[in-house]
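Worksheet: the structure to be examined is printed underneath.
The values are calculated or read from the model by the stated rules, or taken from the named source; none is laboratory data. These figures come from a predicted structure and were not determined experimentally. Backbone-built Cβ (ideal geometry, glycine too); neighbour counts: all protein chains shown.
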Amino acid sequence: FGTAGLEKLEGMFALVFVDLAAQNILVARDRNGEKPLYYHQTHDSLILSSESRGIAKLLGPTVDMVQVEYFHFFRTPQPGKTFFKGVKEWKPARFSLIRDQSAFRWDDIPKNKKVEKERNQNRFTELLKDAVLKQFHADVPLGMLLSGGSDSTLLYALWYYETGVPLPAFTAQFEKAVQKKYDDGPAVKKLNQKLPFEQVSVEVNRTVFQENWEEYLQNLDYTVGDSASFLIWLIGKKAKESVKVLISGAGADELWGGYQRHQAFHTYLNNKGLLLHLPDFVGKLPFGRNWVKFFSGIDSDPRKTFLNFSALETLSSDLFEDYERVFRKKLPLYKQMLDFDRQIYLVQDILKIQDNALMAHGVEGRSPYLDQGMLNFWEQINDEEDLIGKKWIRQSLQDLDLGWVANRKKLGFGLPLLEWFSESNEFSKWVFSTVQEFERTYKKELPENTKALLSRPQDYTRTHFLTIYNFFLLAEWLKLQKP
């Protein structure tokens with residue numbers, strides 16, 4: 001085994017291999033960052049754990065309030081950091097052969113790269129089918145996180161048409177008042193008329209949220225500002241009654257250009273000259289929320305423009321510099337943005353919450369779009385037209401007579417926060433009073449724009465409902481970290 005064996009490893013792992021004969025320790029984390037790994041280092045010791053809070057408990061938990069600004073804009077702490085002082089994140093795709101705990105270096109896990117001669121729709125579908133058959137294989141009961149969207153639907157369709165084996169499919173079912181907008185349940189019900197599966201609906205409403213909130217908080221390693229975390233946790237709680245593995249569509253949006261910010265950046269690249277010369281008042285016209293964000297995010301630097309599109313608000317220069325170094329500038333410009341999402345958003349948000357939320361219930365999450373063969377193929381695709389709008393995923397669905405799924409409007413996966421916060425009731429009062437208390441408690445340590453928002457959250461409901469929820473979550477989680 002040892003370092004020579006890392007190149008052969010596929011899938012997800014965070015490992016510590018102690019070689020007593022050679023007097024060294026091999027530490028490594030998988031290429032995608034699917035499994036978390038954290039560490040604390042001093043001259044006398046090196047502590048490693050799959051949870052940051054485990055290390056923090058040993059040290060005595062001290063919250064790093066510097067991370068609040070990063071959290072405000074990007075929903076997570078700064079890359080490589082956590083909310084605990086002295087506890088750092090081990091980077092994905094890195095290993096270290098450690099002989100002295102006080103000093104070690106990271107090396108990249110070698111890639112066994114196969115050159116793809118065919119880089120087209122047929123090869124994409126072939127590789128994804130291989131990934132599905134590989135990752136759907138399990139010696140324990142298995143199910144599907146099915147939203148009725150393109151990514152999860154394609155995975156299940158490929159599985160069923162290859163094997164004829166129906167599986168349980170778990171879906172969030174929202175209250176009727178918001179189903180017109182959050183229609184995963186009805187979409188999956190329609191899909192069930194075409195593809196056989198056991199539909200397991202998990203009811204989501206404010207009462208369910210409040211009843212499960214304390215238990216959810218207790219299961220959090222640290223906060224990620226994404227309400228999808230609660231949904232996945234809630235689904236995992238139900239799923240554990242019957243399955244031990246859940247398949248998800250994680251990675252498809254990041255790799256194949258599925259987010260609105262990818263389309264916005266594509267528009268920016270194709271119209272940069274015009275957009276940079278628009279008069280200032282255009283961005284102040286009464287457009288919708290997305291158009292206001294688009295115009296306010298435009299910058300002469302394409303990377304800063306993309307980060308503005310990605311962040312919850314337009315970035316300061318200091319924050320931009322912290323993230324700019326992540327971009328792999330040898331890649332074509334558009335693909336740099338997808339690769340940024342692969343390195344940052346996918347790892348720190350999507351995969352972090354999936355692993356934390358499901359493993360809290362002893363359920364393993366798997367992501368076929370991140371299979372090694374699929375990633376190797378993606379690395380060799382540089383034509384922007386093949387990487388925008390999940391072109392090949394949509395075409396694969398069309399080929400399977402599921403075009404309506406491919407054309408379904410993307411809504412994202414999360415709680416109906418705008419609707420919940422817009423009503424004046426005990427629920428919204430609970431949320432608003434919590435963030436106001438947080439602002440009063442940490443006033444001296446908060447950035448000015450954060451203080452303004454949190455002091456009067458009811459004034460920002462329509463434009464900043466995501467940020468309000470994120471700080472509500474952070475405030476509630478911080479209460480549990482006090483010694």
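How about segment 287-307: which of its residues are of a type in the set (S, T, N, Q) and either closer than 13 Å to PHE340 by Cβ or part of a loop (DSSP other than H, G, I, E, B) (or both)?
Within segment 287-307, SER300, THR305 qualify.
Output the residues belonging to segment 149-170 that are outside any helix (DSSP H, G or I) and modelled with pLDDT of 95 or more.
Matches in segment 149-170: GLY164, VAL165, PRO166, LEU167, PRO168, ALA169, PHE170.
When you scan segment 461-481, how many residues do you find that are free of Cβ contacts under 8 Å to residues at least 60 places away in the same chain and of a type in the set (Lys, Arg)?
Here the count works out to 1.
Restricted to segment 228-256, and to residues that are of a type outside the set (A, V, I, L, M) and touching a Pro at 6+ places or on another chain (Cβ under 9 Å), which residue is surrounded by the fewest Cβ atoms within 10 Å (Cβ to Cβ)?
Taking the candidates together, the pick is SER242.
Scan segment 65-122 residue by residue and report those that are in contact with a strand residue (DSSP E or B) (Cβ under 7 Å, 6 or more places away or on another chain) and not in a loop (DSSP other than H, G, I, E, B).
Answer for segment 65-122, where residues must be in contact with a strand residue (DSSP E or B) (Cβ under 7 Å, 6 or more places away or on another chain) and not in a loop (DSSP other than H, G, I, E, B): GLN67, LYS81, PHE84, LYS88, GLU89, ARG94, PHE95, SER96, LEU97, ILE98, ASP107, ASP108.
What is the number of the single condition among (1) basic (Lys, Arg); (2) more than 23 Å from GLN263 (Cα to Cα); (3) modelled with pLDDT under 95 that LYS352 does not meet?
With respect to (1) basic (Lys, Arg); (2) more than 23 Å from GLN263 (Cα to Cα); (3) modelled with pLDDT under 95, LYS352 is out only on (3).
Among the residues of segment 30-63 satisfying the criterion of being of a type in the set (S, T, N, Q) and without any contact (Cβ under 8 Å) to a residue 40 or more places away in the chain, which is nearest to ALA14 (Cα to Cα)?
Step by step, filter segment 30-63, then rank; the result is SER50.
Which count do you get for residues in segment 440-460 that are over 12 Å from PHE421 (Cα atoms), buried (at least 20 other Cβ atoms within 10 Å of the Cβ) and free of Cβ contacts under 8 Å to residues at least 40 places away in the same chain?
2
Kindly check whether there is at least one residue in segment 285-292 that is assigned by TED's automatic domain parsing to the domain that holds ALA406, within 24 Å of the chain's Cα centre (by Cα), within 30 Å of ASP386 (Cα to Cα) and at pLDDT 95 or above.
Within segment 285-292, none of the residues are assigned by TED's automatic domain parsing to the domain that holds ALA406, within 24 Å of the chain's Cα centre (by Cα), within 30 Å of ASP386 (Cα to Cα) and at pLDDT 95 or above.
What number of residues in segment 177-203 are touching a strand residue (DSSP E or B) at 6+ places or on another chain (Cβ under 6 Å) and of a type in the set (A, V, I, L, M, F, W, C)?
4
Tell me, which residue of segment 287-326 that is among the acidic types (Asp, Glu) and in contact (Cβ under 8 Å) with a residue 40 or more places away in the chain is surrounded by the fewest Cβ atoms within 10 Å (Cβ to Cβ)?
This residue is ASP322.
Can you list residue pairs whose Cβ atoms sit under 6 Å apart, with the first residue in segment 98-118 being closer than 19 Å to GLY5 by Cα and the second being outside any loop (DSSP other than H, G, I, E, B) and among the hydroxyl-bearing types (Ser, Thr, Tyr)? Count only pairs 6 or more apart in sequence or on different chains.
Once the first residue is closer than 19 Å to GLY5 by Cα and sits in segment 98-118, its partners that are outside any loop (DSSP other than H, G, I, E, B) and among the hydroxyl-bearing types (Ser, Thr, Tyr) give TRP106/SER96.
Across segment 29-81, what is the number of residues that are on the phi > 0 side of the Ramachandran plot and under 19 Å from the mean Cα position of the chain (by Cα)?
Qualifying residue count for the region: 3.
Here is a list of conditions, (1) free of Cβ contacts under 8 Å to residues at least 24 places away in the same chain; (2) out of contact with any Phe, Trp or Tyr (no Cβ under 9 Å at 6 or more places or on another chain), and LEU351 meets all of them except one; can you say which number that is?
Going through (1) free of Cβ contacts under 8 Å to residues at least 24 places away in the same chain; (2) out of contact with any Phe, Trp or Tyr (no Cβ under 9 Å at 6 or more places or on another chain) one by one, LEU351 breaks only (1).
Could you grab me the full set of residues in segment 314-334 that are under 12 Å from TYR70 (Cβ atoms) and outside any helix (DSSP H, G or I)?
Selection gives LEU315, SER316.
Only helices (runs of 4 or more DSSP H) wholly contained in segment 361-472 count here; list those with 1 or more residues that are among the charged types (D, E, K, R).
372-379, 391-399, 417-422, 426-441, 448-455
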